[in-house]
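Undergrad: After the structure tokens below, expect a handful of questions from me.
The values are calculated or read from the model by the stated rules, or taken from the named source; none is laboratory data. Note that the structure is predicted; figures quoted are calculated from it, not measured. Virtual Cβ from ideal backbone geometry, glycine too; neighbours counted across all protein chains shown. What goes into the accessible areas is simple: the full protein's heavy atoms, side chains included, and nothing from ligands, DNA or RNA. Shrake-Rupley method; radii C 1.70, N 1.55, O 1.52, S 1.80 Å.
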Amino acid sequence: MELGSTVKLTFKGTLEDGTVFGFADAENPMEFQTGMDLVVDGFENEILKMNEVGEKKTFTISEYDAYGEYLEDFTQKIPLEQIPVAGIKPGKRVTMHNSDDGNPVVATVISIEDGIVTFDMNHPLAGKKLTYEVEILGIEDAPENFVSHKEKMEHLKQQSKLLGGDQGDDFR
């Protein structure tokens, strides 16, 4: 399969202990265009090795090719009275806003003790090996003028330099 192809597939994703974390069946298949940074790298790399409709494959990807390692210090403690969301309880997923850039961050409530809520901002699948059972249902060739997400980002970076953005070590 070439970069930029649109692929339609079924999959079942499991953890090492057999827990199913995700799936797509023939009635509701997963469909995405490769090269657009729409799925984790390890998954896409394995899909790109597949070439035929009906092809089946089982593969495992490491945490580094999935959602990264689990970072122990990627937690935050906040007094309960400062949380504007009602019904906070362990296991609940909430959206917080990063104070540095204002971007939303999804976090999981780990615990509530002595009026302090501890949030975990790691992805729920961080630090885990992921096993996928995949079957390709359809492949459409890449459009003739396909540009990958990576190529687009590099182009925007270069344009920013030309237009007076971050010059870094490059000067004109």
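Undergrad: List the pair-distance distribution P(r) of region 23-68, using every Cα-Cα distance, as the percent of pairs falling in each 5 Å bin from 0 up to the bin containing the longest distance, rounded to whole percents.
TA: Reading upward from the zero bin: 5, 17, 26, 31, 17, 4, 0.
Undergrad: In terms of Cα to Cα distance under 14 Å, which aspartates and glutamates are near enough to Lys56, apart from those fewer than 8 places away along the same chain?
TA: Asp25, Glu46, Glu133, Glu135
Undergrad: Okay, moving on. State which entries of Lys92/Lys128; Lys49/Lys152; Lys12/Lys150; Lys77/Lys152 exceed 32 angstrom in Cα-Cα distance in the structure shown. Present the calculation step by step, with values, prior to reporting the outcome.
TA: Working: Lys92/Lys128 20 Å; Lys49/Lys152 23 Å; Lys12/Lys150 27 Å; Lys77/Lys152 38 Å.
Distance filter (> 32 Å) returns Lys77/Lys152.
Undergrad: Could you calculate the contour length gain from Phe21 to Thr131, that is, 0.36 nm times the residue separation minus the distance between their Cα atoms, to one decimal place in nm?
TA: Details: separation 110, 0.36 × 110 = 39.60 nm, distance 0.98 nm.
Answer, rounded to one decimal: 38.6 nm.
Undergrad: Something else: Which net charge results for the neighbourhood of His149, defined as the other residues with beta-carbon distances under 13 angstrom from its beta-carbon, given Lys and Arg at +1 and Asp and Glu at -1?
TA: Numbers: positive: Lys150, Lys152, Lys157; negative: Asp37, Asp41, Glu44, Glu151, Glu154.
With Lys, Arg at +1 and Asp, Glu at -1, the neighbours total -2.
Undergrad: Once neighbouring chains are kept in place and the probe is 1.4 Å, which whole percent of the accessible area of region 22-97 is contributed by carbon and sulfur?
TA: 49
Undergrad: Using a 7 Å offset from the Cα along the Cα-to-Cβ direction at both Met153 and Ile110, what is the distance between the two label points in nm, to one decimal?
TA: 2.8
Undergrad: If I take R0 = 35 Å and measure r between the Cβ atoms of Leu38 and Glu69 in this structure, what FRET efficiency does the formula 1/(1 + (r/R0)^6) give, to the nearest 0.05?
TA: The pair Leu38/Glu69 has a calculated efficiency of 0.95.
Undergrad: In debye to the nearest 20, how big a dipole does region 1-154 give about its Cα centre with +1 on each Lys and Arg Cβ and -1 on each Asp and Glu Cβ?
TA: 480
Undergrad: If you count only protein heavy atoms with a 1.4 Å probe, what accessible area per residue comes out for the chain, rounded to a whole Å²?
TA: For the chain, the solvent-accessible area averages 66 Å² per residue.
Undergrad: What 222 nm value per residue comes from the helices of the chain, counting each DSSP H run with n ≥ 4 as -39,500 (n - 2.57) and dividing by all residues, nearest 500 deg cm²/dmol?
TA: -4000 deg cm²/dmol, from helical runs alone.
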